[in-house]
Amino acid sequence: MGVACRTKSDNSPVIANLNAHEVHRDEFERFLELKMGEFDTAALSDSIRSQMLDDYIKRRLVLEEAARLGITVGSAEMEQTAQDNPQMKSTVATAATREELARDLLVEKYYRQIALKDVRVSPEEVQQYIEKNQSRLTDRPGFLVREIRVQSREEADKLRREVTEGRRDFASVAKLHSDAPNSSQSGLTHYTEGQLPDVLGKAVQQLRPGDVSPVIESNYGFHIFKLEQRTQPHAMEERRSQLDDRRAQLTEELIARKNQQAVDTALDRLTSAAIIKIDDSALGFTYTGTLRHN
């Protein structure tokens, strides 16, 4: 299945060259619109646009490498994913949306077959991770939440409307927009009672699973929380009986961390080997990203 990222009639300015392939501004803007959903892309800050341009370039590199290796996405895979995706069942699903889904599937397939194929977790690593982390699951009550943190109330209000009105998934918004350290985990974090500052902890305590908090201001910025579930400490006999469950949960967490590290390493390898030239004058915004100008 083809994964071309531009149309033949794209005459918009060239904003970057990637391994001698031109990247046009309109194709990047289409990528932004598809990823941002109903969010007004014109209101995006330069830092978010820079981050998204970095993501777009890395994605292009992955797609090129997948094509070089002969990795493809079949029609059966597309159909199955479309069945599982409510947006794809919608009558408003466009050809561009379906093309973007194909690219998403191809990127995921590349990660599974190439970046993650050698990821292993030894029994010793599992035991060390469990010993280091199991106390936070058992000693005190707590809560598993997703968090979005930004630096302006205006942006926080917009993002809250996006997630509460059902147009966008909280996890994807957290990954794209949050400046909190947990953004790479789509905002997912476990806190025990008393771990958060009072103003944030009190807001989370009032939520029921599935609820989204109001925008809360703290010294760190403006926060939005979604409560996934509450966790309770177990009595000693319950702790023994649930040891296997805790081990499984923490093992999955460790594997997820190692998988993310492997993906990051693969992306670093691709970007380090690539020839990337960004034309700041054609971007239309001030680039503050992390990719070098070769």
Mind checking which residues of segment 38-63 are in contact (Cβ under 8 Å) with a residue 40 or more places away in the chain and not in a helix (DSSP H, G or I)?
38, 39, 40, 45
Given the options 282, 203, 266, name the one that is in a helix (DSSP H, G or I), touching a His at 6+ places or on another chain (Cβ under 9 Å) and modelled with pLDDT of 85 or more.
203
Which of the residues belonging to segment 235-250 are surrounded by 14 or more Cβ atoms within 10 Å (Cβ to Cβ) and either at pLDDT 85 or above or not in a helix (DSSP H, G or I) (or both)?
242
Return the pair list, or none, for Cβ contacts closer than 9 Å from residues in segment 64-92 that are not assigned by TED's automatic domain parsing to the domain that holds residue 23 to residues that are among the acidic types (Asp, Glu) and modelled with pLDDT of 90 or more, at least 6 apart or on different chains.
none
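Sort through 105, 101 and tell me the only one that's in a helix (DSSP H, G or I) and modelled with pLDDT under 85.
Working: 105 fails: modelled with pLDDT under 85.
Unique residue meeting the criteria: 101.
Name the residues in segment 130-153 that are in a helix (DSSP H, G or I) and at pLDDT 85 or above, would you?
Hit for segment 130-153 is 153, nothing else.
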The residue from 214, 209 that alone is under 30 Å from residue 41 (Cβ atoms) and not in a helix (DSSP H, G or I) is 214
Please indicate, with yes or no, whether at least one residue in segment 151-170 is free of Cβ contacts under 8 Å to residues at least 24 places away in the same chain and within 17 Å of the chain's Cα centre (by Cα).
yes
Long-range neighbours under 8 Å by Cβ, at least six apart or interchain, first residue under 20 Å from residue 168 (Cβ atoms) within segment 203-218, second of a type in the set (Lys, Arg) and part of a helix (DSSP H, G or I)
212/160; 214/160; 215/153; 215/160
Which residues, counting only those in segment 64-94, are modelled with pLDDT of 90 or more and surrounded by fewer than 10 Cβ atoms within 10 Å (Cβ to Cβ)?
68, 70
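The values are calculated or read from the model by the stated rules, or taken from the named source; none is laboratory data. Computed from a predicted model, the values in this text were never measured in an experiment. Heads up, the Cβs are rebuilt from the backbone with ideal geometry, glycines too, and the neighbour counts pull from every protein chain shown.
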